[in-house]
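Have a look at the structure below, then the notes.
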Amino acid sequence: MTAMQIIFLIVAAVTLGGALMIATSRRMMHTVLWLVLTLMGVAVLFALLQANFFSVVQVLVYIGAIAILILFGVMLTRRSMVDAGESLVHKNWWVVAVVIALLFAAIVISIQPWGAAHTPLVELMEFKEPISDLGEALVDPAAYLIPFEVSSVLLLAVMVAAIYIAVDRKGGKS
Amino acid sequence: MPITYYLILSAILFVLGIAGMLIRRNAIVVFMSMEMMFNAANLLFVAYASYYQILTGQLFVFFVMTVAAAEVAIGLALIVAIYRNRKQIDVDDMSSLKG
């Protein structure tokens, strides 16, 4: 067992533990903190897969923006749900357990016969930094210029729409 | 290290996301579970990008992150609006459109 595998197993355990706690934690604020832990674990996994740029973007966008946005959402809807006791889970939770068990079995069975699955990935340090290729691909009309521009228009539309939906027209009584 | 490790981890993360999404009743936890599922998909994209030594997978991660950020912004705006009207965000009680 190499050092990479040990690091991977530790990070994977932390990530999955955080994910499990999101599904089961009783207090909303703790749930957000577990989400941050899970996202951080995924960022470390990105770094292990030589995706250094996306490791940083994961920390910036997911932890820095999305998790904080969700934290604000939790604080703004604070009084609504005391997640405790019976109200924590849906009453048909065993159906969910069966469904996810079947789904997981289907995924595992479907990747099992794939022959190439056991060849090792390229180790760290023998991979050049593809950040310039990434930037060029995003502004190359033959590559990903159109999706890039469309996603920027999407973000603008979403910003306008979010303000329009969330604005309080009655003058903040609640 | 074989890519199977990442495939299994991504599958477990995705399944846990589905579990949280179906089990929990608070709409914000449903959103967090959705983020987890996006992350599982991103992990798979990056793993395959590393496996094939090709950049396209990482570019898709970029677009998935954009759409995820848009989805969270709209979703939280909707949750805040619903909370303002109904004073709760229990997904089981959001059944006004039910016949």
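Miscellaneous remarks
- Scalar couplings 3J(HN,Hα) for region A:72-78, obtained by applying the Karplus form with A = 6.51, B = -1.76, C = 1.60 to θ = phi - 60°, are 4, x, 4, 5, 6, 10, 5 Hz; x denotes Gly and Pro.
- Cα long-axis angle, helix B:27-52 against chain B (0 to 90 degrees, to the nearest 10): 10
- Shown in residue order for region A:162-169 are the 3J(HN,Hα) couplings computed by the Karplus curve 6.51 cos²θ - 1.76 cosθ + 1.60 at θ = phi - 60°: 5, 5, 5, 6, 8, 5, 9, 7 Hz (x for Gly and Pro).
- Residue-averaged beta-carbon neighbours from other chains (10 angstrom radius) around B:53-59: 6
- The order of the peptides A:97-110, A:60-73, A:5-18 by mean Cβ neighbours within 10 Å, most packed first, is A:60-73, A:5-18, A:97-110.
- Spin-label model distance (nm) - residue A:102 vs residue A:27, 7 Å beyond Cα toward Cβ: 3.8
- Cα-based helix-to-principal-axis angle, B:3-23 vs chain B, degrees rounded to 10: 0
- Using distinct alpha-carbon pairs, which all enter the 1/r mean, Kirkwood radius of chain B in Å: 15.1
- Sum of -39500 (n - 2.57) over DSSP H runs of 4+, divided by residues of the protein assembly as shown (222 nm, nearest 500): -23500 deg cm²/dmol
- Dipole magnitude of chain B about its Cα centre (Cβ charges: Lys, Arg +1; Asp, Glu -1), debye to nearest 20: 260
- Averaged over A:131-143, number of beta-carbon atoms from partner chains that fall within 10 Å: 1
- Degrees separating the helix B:56-86 axis from the principal Cα axis of chain B, which is the longest one: 10
- Spin-label pair residue A:65-residue B:87: with each label point 7 Å from Cα along the Cα-Cβ axis, the two points sit 3.6 nm from one another.
- Averaged over the residues of B:30-36, the number of partner chain Cβ atoms lying within 10 Å of the residue Cβ comes to 6.
Values quoted throughout were computed directly from the atomic coordinates according to the rules given, and no laboratory measurement underlies them. Here the structure is a predicted model, which is why all the values come from computation and not from measurement. As a convention, Cβ positions derive from the backbone with ideal geometry for all residues, glycine included, and neighbour counts pool all protein chains shown.
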